[in-house]
Amino acid sequence: MMPIVDIFADIVAEVRKAYDPTSLEQPYYMHGHPVEIATILSEKDASNTYKFKKYPVICLFQDFDEDWSHSSVECKGLNIAIITETKAEYETAERYQDTFKNELYPLFNLLLQKIKSSKHLNMTADQITFVKTDRLYWGRNEQLIINDFIDAIEISRLNLIFSNQCQI
């Protein structure tokens, strides 16, 4: 079976084709421990090439469990964040208008659409469950410390079943 992180790389590539068809760069994709992701995002600031290639980003946070059976792999409790830059001076209403409605919600909807239509999925779309949280002022909190001013949509407790018949 293809590793879950690679399945999500494929899903984000499909989101990218729909979201940014001209340059095919955004949204970016990262996976790993939240501290590692925050560190990598901070390190990109030191690079003239990568400091402007950080956001929007879709992050698959690790670690997660995989329950294997003969025909499928069930992942319970996946945690994903869709993160974008915002302005420090924005108040909540401005954040919803400029970052959530214009950028994060369209990415969220595309991501869900591409997850539901993934060739790797071994369940129906209506069986997919998760919790969605709008994260305002998310740059500095107890989970993810990023020095940028960011807003995010967090998708937690995402439960997916993948076919384990897919080859690497």
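Structure notes:
- In the set ASP134, ASP98, only one residue is in contact with a Phe, Trp or Tyr (Cβ under 8 Å, 6 or more places away or on another chain), assigned to a strand (DSSP E or B), surrounded by fewer than 20 Cβ atoms within 10 Å (Cβ to Cβ) and without any contact (Cβ under 8 Å) to a residue 40 or more places away in the chain; that residue is ASP134.
- Every residue from segment 7-39 that is among the charged types (D, E, K, R), in contact (Cβ under 8 Å) with a residue 24 or more places away in the chain and part of a helix (DSSP H, G or I): ASP10, GLU14
- One residue from LYS101, LYS87 being modelled with pLDDT of 95 or more and closer than 17 Å to ILE150 by Cβ: LYS101
- Residue under evaluation ILE150, criteria (1) without any contact (Cβ under 8 Å) to a residue 60 or more places away in the chain; (2) of a type in the set (A, V, I, L, M); (3) surrounded by 12 or more Cβ atoms within 10 Å (Cβ to Cβ), criterion not met: (1)
- Complete set of residues in segment 40-87 that are in contact (Cβ under 8 Å) with a residue 60 or more places away in the chain, basic (Lys, Arg) and within 22 Å of LEU111 (Cα to Cα): LYS54, LYS76
- Of all residues in segment 67-95, those being buried (at least 16 other Cβ atoms within 10 Å of the Cβ), in contact with a strand residue (DSSP E or B) (Cβ under 8 Å, 6 or more places away or on another chain) and not in a strand (DSSP E or B) number 2.
The values are calculated or read from the model by the stated rules, or taken from the named source; none is laboratory data. Predicted model only: the values in this text are computed from it and were never measured. When we count neighbours, we look across all protein chains shown, and the Cβ atoms used for this are built from the backbone with ideal geometry, even at glycine.
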